[in-house]
Each structure stands twice: as structure tokens, then as C-alpha cells.
Amino acid sequence: MKGYLAMSEGLLVDLYELTMAQVYFKQKRNSCATFDLFARSARRPFYVACGIDDAINYLCQLKFLKEDIDYLRSLAIFEDDFLGYLKDFKFGGDVWALDEPQIVFSQEPILRVSANLIEAQIIESALLNKINLATTLATKAARVVFAAKGRGVYDFSLRRTQGSQASLAAAKYSYIAGAKGTSNVRAGFLYKIPVVGTMAHSFVMSFDREIESFFAFSQQFPAKSILLVDTYDVKRGIESAVRVAKFLKKGGCSLLGIRLDSGNLLKDAKYARRIFDREGLIDVNIFASGNLDEYKIEELMNQAAPIDAFGVGTNMGCSSDLPYTDVIYKLVEIRNRNSSFTPTMKLSKYKINLPSKKQVFRMFNNSGLMDKDYITLDKEVLGGRKLLKEVVSKGTRLYKEKSIKEKRKIFQQRAVTLPHDLKKTHTHFSYPVLISRKLAVLTQGLQNKLKDKLRQRLVFMDIDTQYDFMVRGGALYVKGAKTIVKNLEKLTDFAQKNNILIISSQDAHTRDDAEFKRFAPHCIKGTKGARKIARTLLNNYKVLPDKKIYSFDELKLIAQKFPQIVLEKKVLNAFSNPNMRKLLDIVFPDKIYIYGVVTEYCVKEAVSRLIRDNFSVVVVKDAIYHISTKERDRLFSSWVKKGVKFTTTQKLLKSFP
């Protein structure tokens, strides 16, 4: 189990990613998607994007071990064919990303994944986890380093971070962002980061006298001693440190420094500096620690505190004021089967994201400082520096990861270009991140299109509007049916103009159908009487015979392609065609407006089944016709009690903008 825990990240997922993936496996196996990972909110004036290499390493090594599959099977919610797919899982997509570490702003893509929809979805939480932690810590550390204005900053957070892995991340990313070292020895070993240390109050307290502890430590480490002077009385501690420093000086060594860990750091640092300088100990450094962060350090620097370096623990290692970066991973385009990619976006209040594949261009002013960024469509070409580059192609990594020291140097170079106002701990300056005109036009158009999609999905259900029922002289002409023909035509035209699917039923009898024992022969397939009247038939329609059972995928494509679907039947009930119920499940309409003939027979059968299946039904009462007024009124009364609504053609048409 220990070996398993060390090597497996297959189950580093939220459950919903796997449950969604199983649905995709069943229904969208060949779909492809593009997701953007970015910081949603501007709670920091800038972010230092890190963790990208960790994310790429995860992607290129991701697999599900036997133990993973066995555990998933034990949950009893995943099917064997999907588990078989996971057994052979390998990420095969493309990734575009920033060059880590990169200064970035909210809404700008940090990483972009284009892959099979299943692959792109499964990796969501792991990518967010890795980039969130690294970016949060690097950003916090950069702010602390900027506040220190060139004074040394050291990571002292091991004892307060949320676990050993977080402590390593704090040391690693604070070093990349400009910290000079860490107290974390394991991080020093793993990442070749300089390690530093002083002493604890317990060390001082373990000796009879404070000065004895100072002498003991300095004799052991004559060139690296930093003495903790505020265990008892800070002024006496400083005086003791002076004695030790002079003792070391006689032996040819120098006291490296003292550490102030509590009290009034400004007052105590000024006192210490004055004493050391008076005694000719100008090389003794003053090191400060104790619940420091960028706010306290900036205040100390603004008051000219003579502090040479800072040990920053909890507040930097845990990013205490903002312990997470609001990174999100959002779908920006989708491709189903062989179609082209279709841009998409989220419209939730305060959570709107930009659609389609994108690029970021950074502009610099004449002084070499960052001036503004443009978020553009992927294929646009602007001046400035292009920030996103392809890092993974078809699952294969395209670059060699830089060392931590190289990343540190890169950040130092990029930090020089950051506008001065952004380096301030308290700033009202907002760096300009602009949207290109083409992306803005696409976004606005897509918003309007998606808002249209938010309208209720309606279906018009047209029952048996065929010659034998509707036209005088038809085999089973319904007397008075001609009075609804104009309304039928209006409804058909309205559906076509508003992209409302028409589902029509159509009798398609053989000459020896059993129904003819009850009714006169009618609507025999191939005869004129079986044809729908022209005013209820669109030019583009699809006929589904009652003998052929279509698959879910086939019906889905039909519903997408055809504005009218005609289902043949040999009995009164339109649901006798085995494709009717499945088709309604695919379309899943919010409301079904039903009309046609005859009210007491085929319309009644359809309404009864729709009620039973909990669909919202609206009867267009001036677009259906009956044989018996009394029976019609009885049916209407019973339907009202069951929740059926009624409207007229005119009201229906006016209810739409």
C-alpha cells in the first residue's frame, strides 16, 4: 500500500468527473473538447502562475492501476466496459500553457487542454489542485519579496503548512518567487534550495544563562551563528550578543547576526543597530521573524527599519490572507462526432467565461515595463509577446522542464518588467487586460445565442393530419375538420420560423389491418389518403416506420438534423411506434403543444400517455377537432383536473417575442 500511495494518481479525481465520464463514454465517446484553466477573480493585483510543470508531469504519466480499477468496481456504480476503458487510459490530447513562472492576471488562460471529452474531464480536479497550490504560494511569496525591497526573505513555514507536501511546495515556490532560502532541510535536499537556521527559544532556555547558550552555539558554528535575543529581555539579549560577537572577532570570525522574533520589531531593530554600530560591529545582520507578512514588512520598510532579512512562516507558507487562488477549469468549445468545434461559455451570474481557444499577447512600454495584455482568439496575430505555447501534443511532452534555479532567474527577469504600482502591497492600480474586438464580437454573439437556448424547449405534436381525416371525401373525414386547417398552417409556419421541432404521427395501415374491423379502411400506406395535408408538412422531414427501432445515437442525430419527424403507426396510439418515447427522452421538451384529429381517439390516446409520463401538455383547442362536442367537453374537463393547459393558436403565437 505504501508503494501504491507513492506512485498512483489515477484516483486523484472528484467522483463526479468519473460519473460524467461514464455518461460521455456511453453517449459522447467521440466528442472532443477544449477547456481553459484560469484565475477567475482579481483578488490579487497579479498572480505568479506556477505548478504548470507539475500538471504536465501528471498528465503525461496518468494511468489507472489495478488497485484503482478494483476500488472503482467496489463502488458498484461503474459498468465493466467503462472500467475497461479506464484500465487502458492514457492522455492523448494537446496542451498549451504559459511558461512557468509567469506573471498573469485574472481571466487570462494559464493552461488550455484540447482532448477527447472524457480525457479532458477526468483531469480537471488534479490540474486545479496542482496549479492552485503552486500559484497561491508563489504569488504570496512574490508579494512578500517585493515588500522586503531587496532584503532577504526566507521560508520558515514547515511547522505550519497543511502537511509535508505543502511544506515542500511552500519552500519550492517561494524560492522560485524570490525567497533566498528555506529552513526546510528536506526541501533543500530535494530542490537544492539554500537552507538556513538560527536557534529556538528552547535552546536558550536549556542553559543556565542566556549568554552560555550563545557561546555554546557560536563555538560550534563560529561563521554561521544567528543568535535569538528576545527569549527573556531583548536589550540584555542584544548586549549578550555584542559580547559574543567581540569574542568571535578576536578569533578571526564574525557573528553572522541576531534574530528578533517578538515585541516591537521596529524599535528593537533600531536599538540593536545602534548598539552594534557603536561597538564597531557593523557587519552583524539583524534578522526578523514572528508572524510576518507583506503588510507588516512593507510597514517596517516604510519606517526605515534596519532589518537585513526576514524569516516568514505561517503567513507566507499558508498564504493566510488568501489561502487559495480562484482557479477554474471551464469548457470553451465542444466538437461532437465529425462536426467542427463549437464555441461555448458559461452565463452564470458573476461566473461568465470567455469562449473558444484563446491566446494572450503582452505589450511593453518604451521603458520595458508591462503596459497591457490582450486576450484574443487563438488565430489572431497582434504585436507584443505571445504567452501561450504548445507544451503537449497528442499526449507527448514537447519541452524539457527547467530547473528550479532557472525558474527563479526567469521570475527575477520578469519581475523587473512588472509596473511599480503592482509591487505595492496596497495598490488600487489595475493592470489593463483587454479583449480583442474579434473575441468580444464572438462573446456577445454567443451570449445572445445561448440566451436563446435558455428559452423553454418546446415540441409541437401534430396528430394524424392526413387526407383521409382532414379533406372532404376522405375515407374517415371528420366533419368540420377543414375549419382548423388555417390554424394548422399557422402553427407549422410558426414552428419552422422559431426552430420548434414538430413530431407528427401518421397512420400507415396495410390493407388487412385489424383496425379495419372497427373502422372503415383508411390511410393505407402508399395511397393519397395516408399522406399528410400539405399545410402540416415541412420540406425537410424524416419518416420513422413503426417496425424499425432506432438507436439512441441515431435518434439524436435525426432530432438534430430534421425540423419535423413523422412517426408511422397502425393503431390509435402514437406511442405504438417504439421510437416515440425514446425520441421524447432525447428532446426532453419543457412543454408539448398538441393538436390534430380526432379529439376522442388519437389525440386522447396521445394526451393520456403524455400525462402518464409527466410531460407538461398544452392543448391548442382551436387546432384540434372532434366528432362529439359532448365527449370533447368531458375530455377537456378531465384533462384540466390532470394539469393539462389550454390555449388558442393566436395566444400561442403572441406569447413569443
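The values are calculated or read from the model by the stated rules, or taken from the named source; none is laboratory data. The structure displayed is predicted, hence computed values, not measured ones. Don't worry about glycine lacking a Cβ; one is built from the backbone with ideal geometry, like all the others, and counts go over all protein chains shown.
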Those residues of the range 414-435 which are farther than 16 Å from residue 371 by Cβ and among the polar types (S, T, N, Q), in sequence order: 425, 427
Listing of helices (runs of 4 or more DSSP H) fully contained in the range 258-354 that carry 2 or more residues being at pLDDT 95 or above and surrounded by fewer than 17 Cβ atoms within 10 Å (Cβ to Cβ): 265-278, 294-302
Of all residues making up the range 563-602, the number that are in a helix (DSSP H, G or I) and either in contact with a Phe, Trp or Tyr (Cβ under 8 Å, 6 or more places away or on another chain) or charged (D, E, K, R) (or both): 8
Flagged in the range 426-448 as of a type outside the set (Gly, Ala, Ser), part of a helix (DSSP H, G or I) and more than 21 Å from the chain's Cα centre (by Cα), in numbering order, are 437, 438, 441, 448
Which residues, taken from the range 282-296, are among the hydrophobic types (A, V, I, L, M, F, W, C) and touching a Ser or Thr at 6+ places or on another chain (Cβ under 8 Å)? 284, 287
Quick count over the range 400-413, residues being surrounded by fewer than 13 Cβ atoms within 10 Å (Cβ to Cβ) and within 19 Å of residue 96 (Cβ to Cβ), is 1
Condition first: among the aliphatic types (A, V, I, L, M) and out of contact with any helix residue (DSSP H, G or I) (no Cβ under 7 Å at 6 or more places or on another chain). Now tell me which residues in the range 504-529 satisfy that. 514, 520
Inspect the range 60-76 for any residue being aromatic (Phe, Trp, Tyr) and within 20 Å of the chain's Cα centre (by Cα) and give the result as yes or no. no
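Quick one: in the range 217-243, which of the residues that are more than 56 Å from the chain's Cα centre (by Cα) and at pLDDT 95 or above is nearest to residue 278 (Cα to Cα)?
Residues of the range 217-243 that are more than 56 Å from the chain's Cα centre (by Cα), as a first pass: 219, 236, 239-240, 242-243.
Going one step further and asking which of them are at pLDDT 95 or above, we end up with 236, 239-240, 242-243.
Working: 236: 16, 239: 12, 240: 15, 242: 10, 243: 13 Å.
Looking at residues that are more than 56 Å from the chain's Cα centre (by Cα) and at pLDDT 95 or above, I get 242.
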Go through the range 84-100 and give me each residue that's touching a Ser or Thr at 6+ places or on another chain (Cβ under 9 Å) and of a type outside the set (Gly, Ala, Ser). 94, 95, 96
Single residue of 69, 52 found to be over 25 Å from residue 343 (Cβ atoms) and either acidic (Asp, Glu) or assigned by TED's automatic domain parsing to the domain that holds residue 111 (or both): 69
Flagged in the range 459-514 as among the small types (Gly, Ala, Ser), outside any loop (DSSP other than H, G, I, E, B) and crowded, with 19+ Cβ neighbours inside 10 Å, in numbering order, are 481, 495, 504, 505
Pick from the range 355-371 the residues that are more than 17 Å from residue 98 (Cβ to Cβ) and touching a strand residue (DSSP E or B) at 6+ places or on another chain (Cβ under 8 Å): which of them is surrounded by the fewest Cβ atoms within 10 Å (Cβ to Cβ)? 365
Using the structure shown, decide if residue 127 is assigned to a helix (DSSP H, G or I), crowded, with 23+ Cβ neighbours inside 10 Å and in contact (Cβ under 8 Å) with a residue 12 or more places away in the chain. yes
Here is a list of conditions, (1) surrounded by 13 or more Cβ atoms within 10 Å (Cβ to Cβ); (2) of a type in the set (D, E, K, R); (3) farther than 30 Å from residue 182 by Cα, and residue 423 meets all of them except one; can you say which number that is? (3)
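Hey, does the range 389-399 have a residue that's out of contact with any helix residue (DSSP H, G or I) (no Cβ under 9 Å at 6 or more places or on another chain) and either assigned to a loop (DSSP other than H, G, I, E, B) or buried (at least 19 other Cβ atoms within 10 Å of the Cβ) (or both)?
yes
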Take the conditions in a helix (DSSP H, G or I), among the basic types (Lys, Arg) and within 28 Å of residue 393 (Cα to Cα) and apply them to residue 26. Does it pass? yes
Only listed residue being assigned by TED's automatic domain parsing to the domain that holds residue 44, within 26 Å of residue 143 (Cα to Cα) and hydrophobic (A, V, I, L, M, F, W, C), chosen from 398, 439, 387: 387
Given the criteria assigned to a loop (DSSP other than H, G, I, E, B) and either among the aromatic types (Phe, Trp, Tyr) or surrounded by fewer than 18 Cβ atoms within 10 Å (Cβ to Cβ) (or both), does residue 547 qualify? yes
Tell me, please, whether a residue that is surrounded by 20 or more Cβ atoms within 10 Å (Cβ to Cβ), of a type outside the set (Val, Ile, Thr) and closer than 22 Å to residue 648 by Cα can be found in the range 551-568. yes
Within the range 467-486, is there a residue that is in contact with a Ser or Thr (Cβ under 8 Å, 6 or more places away or on another chain), over 22 Å from residue 555 (Cβ atoms) and not basic (Lys, Arg)? no
Tell me whether the range 70-93 contains one or more residues that are in contact (Cβ under 8 Å) with a residue 12 or more places away in the chain, under 21 Å from residue 373 (Cβ atoms) and of a type in the set (D, E, K, R). no
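Every residue in the range 89-113 that is in a strand (DSSP E or B) and surrounded by fewer than 21 Cβ atoms within 10 Å (Cβ to Cβ), please. Talk me through it step by step, then tell me what you get.
Pass one, the range 89-113, residues in a strand (DSSP E or B): 94-97, 102-104, 109-113.
Correct list: 94 only.
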Tell me, yes or no, whether the range 204-227 has at least one residue that is touching a Lys or Arg at 6+ places or on another chain (Cβ under 9 Å), assigned by TED's automatic domain parsing to the domain that holds residue 248 and within 26 Å of residue 144 (Cβ to Cβ). yes
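Within the range 161-208, count every residue that is β-branched (Val, Ile, Thr) and in a loop (DSSP other than H, G, I, E, B). Steps first, please.
Residues of the range 161-208 that are β-branched (Val, Ile, Thr), as a first pass: 161, 176, 182, 185, 193, 195-196, 198, 204.
From the residues that got through so far, the ones that are in a loop (DSSP other than H, G, I, E, B) too are 161, 193, 196, 198.
Count: 4.
Every residue in the range 250-274 that is in contact (Cβ under 8 Å) with a residue 24 or more places away in the chain, of a type in the set (D, E, K, R) and over 16 Å from residue 215 (Cα atoms), please.
Taking the range 250-274 and keeping what is in contact (Cβ under 8 Å) with a residue 24 or more places away in the chain, we get 251, 253-263, 265-266, 268-273.
Going one step further and asking which of them are of a type in the set (D, E, K, R), we end up with 259, 261, 268, 270, 273.
If the condition is that a residue be in contact (Cβ under 8 Å) with a residue 24 or more places away in the chain, of a type in the set (D, E, K, R) and over 16 Å from residue 215 (Cα atoms), then 261, 268, 270, 273 are the ones that fit.
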